[in-house]
């Protein structure tokens, strides 16, 4: 079994659009901007042997504010620019009650089954309480990137940092993973 680093997308990998203190995904591929240090952080984690799995809620697809084709184009760009092994997407809203929408751990658990991931040796990195709760529920360590959003804070993440670069330094400092290679893949959004 291999360890993984699960990454939220908006606010962790790419710049979130903050309005009234709350983060939102970019509306277009043109507005999709990788954050500084992300490419290097992901490369360092991969070099240490971690699988890199993106796990993202994209409820704007369900509400009609975003087209699935735009989300897929953003993920195609991620696959070209980052060494990610998989991208998991939940397009549901809370009212749907699905098991994959964070804070539930469904995306992480399904990825663990598919990729033979050791969840207890894995880490979830996110910028919202939902990410941290999902990671904790899956049995992972958690890293909270704190941007001071005007929303509830997560309870007791393992560490609080200010960027994915800082998160990767902490992850690497607490122990390297087993080496191994994965292949880029993706799962379709849940339905």
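Values quoted throughout were computed directly from the atomic coordinates according to the rules given, and no laboratory measurement underlies them. Note that this is a predicted model, so its numbers are computed, not measured. Cβ atoms come from the backbone with ideal geometry, glycine included; neighbour counts cover every protein chain shown.
Of 98, 90, the sequence from fewest to most neighbouring Cβ atoms within 10 angstrom is 98, 90.
Summarising the label geometry, the points placed 7 Å from Cα in the beta-carbon direction at residue 151 and residue 20 lie 1.3 nm from one another. Between residue 160 and residue 34, how high is the FRET efficiency from 1/(1 + (r/R0)^6) when r is the Cβ-Cβ distance and R₀ = 30 Å? Nearest 0.05. Computed FRET efficiency for residue 160 and residue 34: 0.85. Taking every DSSP beta bridge that has both ends in region 1-104, the antiparallel portion is near 30%. DSSP finds beta bridges in region 4-173, and of those with both partners inside it, around 15 percent are antiparallel.
A helix-only calculation puts the chain at -9000 deg cm²/dmol for mean residue ellipticity at 222 nm, using -39500 (n - 2.57) for each DSSP H run of at least four residues, averaged over all residues. Residue 69 label point, 7 Å along Cα→Cβ, cut-off 15 Å on backbone N: hits in region 9-43? Only 28-30 fall inside the zone, counting backbone N under 15 Å. Relative to the longest principal axis of the Cα atoms of the chain, the long axis of helix 68-81 makes an angle of roughly 30 degrees.
Listed from fewest to most Cβ neighbours within 10 Å, the set 1, 107 follows the order 1, 107. For the chain, the longest principal axis of the Cα atoms and the long axis of helix 38-47 meet at an angle of about 30 degrees.
Enter the angle in degrees (range 0 to 90, nearest 10) between the Cα long axis of helix 129-138 and the first principal axis of the Cα atoms of the chain, meaning the one along which they spread out most. Between helix and principal axis, roughly 40 degrees.
Ranked by how many other Cβ atoms sit within 10 Å of their own Cβ, fewest first, the residues 143, 93 fall in the order 93, 143. Give the shape of region 4-173 as rounded, prolate or oblate, defined through the alpha-carbon gyration tensor: a ≥ b ≥ c are the square roots of its eigenvalues, a/c under 1.5 means rounded, and otherwise the shape is prolate if a/b is larger than b/c and oblate if not. Rounded is the answer for region 4-173, as its axis ratio a/c remains below 1.5.
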